[in-house]
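The values are calculated or read from the model by the stated rules, or taken from the named source; none is laboratory data. Worth saying up front: this structure is predicted, and the values here are computed from it rather than measured. A quick note on method: Cβ atoms are made from the backbone with ideal geometry, for glycine too, and the neighbour counts reach across all protein chains shown.
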Amino acid sequence: MAQDKSPSSSGAATAEHAGAEVPGAEEITALEGIPALSLDAISSVAYGPEAMLVVLASAGAAALGKIEPITVAIVVLLVILVFSYRQVIAAYPDGGGCYAVSKANLGRRASLLAGAALIIDYVLTVAVSIAAGVAALVSAFPGLRADSLAIGLGILAVLTALNLRGLATSARALLLPTAVFIVGIYVVIVAGFFRQHPMPGSGVHHSVVATAAGAIGILLILKAFAAGCSALTGIEAIANDVPAFRPPRARRAMRTELLLGGLLGTMLLGLSVLTVRFHVAPSASQTVLSQLTGASVGRGVLYYVIDLSTTAVLAIAANTSFGGLPMLASLLARDHLLPHVFALRGDRPVYRYGVVALAVLAAALLIAVNANTNSLIPLFAIGVFTGFTLSQTGLVRHWYHERSRRWGARATLNAIGAVMTGVATIIFVFTKFAAGAWVVVVAIPLLILLFLRVDHYYRDVASELRLGETPPTPRATRSLVIVTVMGVSKMTAAALSRALSLGDEVVAVSVQFDEEAASALEQQWERWQPGVPLTILRSPSRSIAKPMLAFIRSLQSSGRGSLLVLIPEVEPQKRRHRILQNQRGIVLANVLRRHSDVTVARIAFKLRRD
């Protein structure tokens, strides 16, 4: 089946096309791209170095000094990824990141893997960011530890509400805390460079393990490198959502990518140097960044400003996923791999179904691990590094086939990136498999299976509808309109008027539970004389659906033409009053749609006042 021959594909494509040109007020600038799409990467300085220290600590305090060369290797990989994703933005300015690159250059299977890996990464990014933010808050205020999950879910609810109003709205709301965090980290680094020893009373944990724990082997270094690479997640988000930028979109997105790389690289290097200088070790009661802040600026007002800004930025770093996953889901929906509803936008240029789906999945994950960052870190980075590897490999093929100016240098850069990220992915899987990475290894194939099943459904429906073929010429048939009535009322009159304008023949049908009520309705109808015959169906069992189904089947067997059932319902002005209605219309409509082929329409009689 051709890609444009699936049910609702035209509608989804129209909605997508209409949403492609976002109103200027809802587009973001290069600077706003940092809080909108880069907070995941920026905020990772709060947990990336700590993840490395936790691994190195297993070999004793002497091993903690290896964080500096490992960080240098991570920054080298960061530079390669930043320039590679600038190339992705230039080559694929419509967004989609590694999914678009894989689809265009590596084929269908690779694109399915890329889409599944990115979805896993986005959900984990939200959960890890919020859990890390709560952990930073608890470091400063230990009394809140018991409420960690509730605080995390509250932060998630606020971010969801902001993003339902638009990506630009959330970016502007988050610009100030992002700026405070970045400035605060540089204050910590600069102040720390002027100190040879931690500030008195800083609370730095110099050693939490025995110094003779074991030798520093290559496997330990690789595990620490893999753990520290969690700081690189989020690098791809800008390339995934290029259409969110103001024109010229690609150029602004490339500037944001470069700015992100500069900020993240310098902060990682600076913090790693301070970690060695102050002999900081991981602690169960206080984060490494909290220790470094206390060591550099003391435990005064500035410490709490930086710590609270860290909490805020870690929590709102989930905003990166809220910008990336809905866009990715819309592309997957357009390719018929997810339900088409994910490609629809509301009045604001927001893929609200993608936003809500992300929030629900992240909430479930937070609840499952009780907002514990250490339970989530082993799952982290596998998805995004799989995407990195596919993206770099796809770009190598892209430049090879395009043969543009300096294509050899570009292909070489991407090939190096593909090898490095591929090796990192393998390290992640093998070193973290038993610690929980197996969940991601299982989840990715399940997502791919979901994509294939959704695609199979759309292919079947397209075949049934004969999309792409010329259908028979439409012809008119005699129609009978059935109006369900409860009694004689203004709503009944309005429904009958609507029915008379729609069909050749109209009949009113009422299901009554006792003879007295049936007799009273017959008398009222006789006095009213609306010009429409009334049929009363008795139902001693007090079932509405069964008598209606039997009546409709008798009409169909007698060859009365096409049947339309109109179900009038009261619609209150206030939403809270809707639960007070008897819901008979919903029940009857659902039963008729499931067990017959008649056309069913529910028509609302709107109350002017409640």
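Sort through Val128, Val134 and tell me the only one that's within 24 Å of Thr293 (Cα to Cα), over 19 Å from the mean Cα position of the chain (by Cα), part of a helix (DSSP H, G or I) and modelled with pLDDT of 80 or more. Give the derivation first.
Numbers: Val128 fails: over 19 Å from the mean Cα position of the chain (by Cα).
Going through Val128, Val134 in turn, just one is within 24 Å of Thr293 (Cα to Cα), over 19 Å from the mean Cα position of the chain (by Cα), part of a helix (DSSP H, G or I) and modelled with pLDDT of 80 or more: Val134.
Restricting attention to the range 352-405, which residues are of a type in the set (Ser, Thr, Tyr) and closer than 28 Å to Val419 by Cα?
Step one: list which residues in the range 352-405 are of a type in the set (Ser, Thr, Tyr), which gives 353, 373, 375, 386, 389, 391, 393, 400, 404.
Passing the criteria: Thr386, Thr389, Ser391, Thr393, Tyr400, Ser404.
Give the residue, chosen from Leu563, Leu534, Leu592, that is in contact (Cβ under 8 Å) with a residue 24 or more places away in the chain and within 23 Å of Lys490 (Cβ to Cβ). Show your work before the answer.
Details: Leu563 fails: within 23 Å of Lys490 (Cβ to Cβ); Leu592 fails: within 23 Å of Lys490 (Cβ to Cβ).
Every option except Leu534 fails the conditions.
Just need a number here: residues in the range 46-95 that are farther than 19 Å from Arg277 by Cβ, polar (S, T, N, Q) and either touching a strand residue (DSSP E or B) at 6+ places or on another chain (Cβ under 9 Å) or surrounded by 20 or more Cβ atoms within 10 Å (Cβ to Cβ) (or both).
Qualifying residue count, the range 46-95: 2.
Contact list please: Cβ distance under 6 Å, first residue in the range 459-481 and touching a residue at least 60 places away in the same chain (Cβ under 8 Å) and closer than 24 Å to Gly559 by Cβ, second residue assigned to a strand (DSSP E or B) and not aliphatic (A, V, I, L, M), pairs at least six apart or on different chains.
From the range 459-481, the pairs are Thr477/Ser562; Ser479/Ser562; Leu480/Glu505.
For the range 439-452, state whether one or more residues are touching a Ser or Thr at 6+ places or on another chain (Cβ under 7 Å) and either in a helix (DSSP H, G or I) or exposed (fewer than 14 other Cβ atoms within 10 Å of the Cβ) (or both). Reasoning before the result, please.
Filtering the range 439-452 for residues touching a Ser or Thr at 6+ places or on another chain (Cβ under 7 Å) gives none.
No: the range 439-452 contains no residue that is touching a Ser or Thr at 6+ places or on another chain (Cβ under 7 Å) and either in a helix (DSSP H, G or I) or exposed (fewer than 14 other Cβ atoms within 10 Å of the Cβ) (or both).
On the given criteria, is Ala90 more than 30 Å from Ala363 (Cβ to Cβ) and among the small types (Gly, Ala, Ser)?
Numbers: more than 30 Å from Ala363 (Cβ to Cβ): yes; among the small types (Gly, Ala, Ser): yes.
Criteria met by Ala90.
Quick check on the range 173-192. Is at least one of its residues in the same structural domain as Phe388 (by TED's automatic domain parsing), modelled with pLDDT under 80 and not in a loop (DSSP other than H, G, I, E, B)? Write out each step before concluding.
Taking the range 173-192 as the starting set, the residues that turn out to be in the same structural domain as Phe388 (by TED's automatic domain parsing) are 173-192.
Adding the requirement that they be modelled with pLDDT under 80 leaves 173-174.
Those still in the list that are not in a loop (DSSP other than H, G, I, E, B) too: 173-174.
Yes, the range 173-192 contains a residue that is in the same structural domain as Phe388 (by TED's automatic domain parsing), modelled with pLDDT under 80 and not in a loop (DSSP other than H, G, I, E, B).
Condition check ((1) assigned to a helix (DSSP H, G or I); (2) more than 46 Å from the chain's Cα centre (by Cα); (3) under 20 Å from Val565 (Cα atoms)) across all residues:
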{"site": "Glu464", "(1), (2), (3)": "yes, no, no"}
{"site": "Pro472", "(1), (2), (3)": "no, no, no"}
{"site": "Gly487", "(1), (2), (3)": "no, yes, yes"}
{"site": "Ala508", "(1), (2), (3)": "no, yes, yes"}
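Assuming Asp121 fulfils every condition listed in (1) closer than 30 Å to Pro445 by Cα; (2) free of Cβ contacts under 8 Å to residues at least 12 places away in the same chain; (3) charged (D, E, K, R) apart from one, which condition is it?
(2)
Tell me, which residue of the range 471-519 that is of a type in the set (Val, Ile, Thr) and loosely packed, with under 14 Cβ neighbours inside 10 Å is modelled with the highest pLDDT?
So the residue we want is Thr473.
Touching a helix residue (DSSP H, G or I) at 6+ places or on another chain (Cβ under 8 Å), surrounded by fewer than 23 Cβ atoms within 10 Å (Cβ to Cβ) and outside any helix (DSSP H, G or I): does that describe Arg410? Outline the logic, then answer.
Numbers: touching a helix residue (DSSP H, G or I) at 6+ places or on another chain (Cβ under 8 Å): yes; surrounded by fewer than 23 Cβ atoms within 10 Å (Cβ to Cβ): yes; outside any helix (DSSP H, G or I): no.
No: the conditions fail for Arg410.
Those residues that are within 18 Å of Ser510 (Cβ to Cβ) and assigned to a helix (DSSP H, G or I), I need them from the range 587-604; list them, please.
Val587, Leu588, Ala589, Val591, Leu592
Can Arg527 be described as part of a loop (DSSP other than H, G, I, E, B) and over 21 Å from Ile603 (Cα atoms)? Spell out how you get there, then give the answer.
Details: part of a loop (DSSP other than H, G, I, E, B): no; over 21 Å from Ile603 (Cα atoms): yes.
Here the answer is no, as Arg527 does not meet what is asked.
Can you tell me which residue in the range 566-584 is nearest to Met491 (Cα to Cα), limited to those that are surrounded by 12 or more Cβ atoms within 10 Å (Cβ to Cβ) and without any contact (Cβ under 8 Å) to a residue 24 or more places away in the chain? Show your work before the answer.
Taking the range 566-584 first, the residues surrounded by 12 or more Cβ atoms within 10 Å (Cβ to Cβ) are 566-572, 577-578, 581, 584.
The next check asks that each one be without any contact (Cβ under 8 Å) to a residue 24 or more places away in the chain; those that pass are 578, 581.
Numbers: Arg578: 17, Gln581: 14 Å.
Ranking the candidates gives Gln581 first.
From Ala73, Ala59, which residue is touching a helix residue (DSSP H, G or I) at 6+ places or on another chain (Cβ under 7 Å), more than 25 Å from Leu331 (Cβ to Cβ) and at pLDDT below 85?
Details: Ala73 fails: at pLDDT below 85.
Unique residue meeting the criteria: Ala59.
Taking the range 356-391, which residues are of a type in the set (Gly, Ala, Ser), more than 29 Å from Gln286 (Cβ to Cβ) and in contact (Cβ under 8 Å) with a residue 40 or more places away in the chain?
Selection gives Ala359, Gly383, Gly387, Ser391.
Which condition number does Glu522 fail, the rest of (1) part of a helix (DSSP H, G or I); (2) crowded, with 17+ Cβ neighbours inside 10 Å; (3) out of contact with any Lys or Arg (no Cβ under 9 Å at 6 or more places or on another chain) being met?
The single condition Glu522 does not satisfy is (2).
Checking the structure you have, find out if any residue of the range 96-104 is aromatic (Phe, Trp, Tyr) and either surrounded by fewer than 18 Cβ atoms within 10 Å (Cβ to Cβ) or modelled with pLDDT under 80 (or both). Even if it seems obvious, please write down each step before you answer.
Pass one, the range 96-104, residues aromatic (Phe, Trp, Tyr): 99.
Retained after the next criterion (residues that are either surrounded by fewer than 18 Cβ atoms within 10 Å (Cβ to Cβ) or modelled with pLDDT under 80 (or both)): none.
The answer is no, given that none of the residues of the range 96-104 is aromatic (Phe, Trp, Tyr) and either surrounded by fewer than 18 Cβ atoms within 10 Å (Cβ to Cβ) or modelled with pLDDT under 80 (or both).
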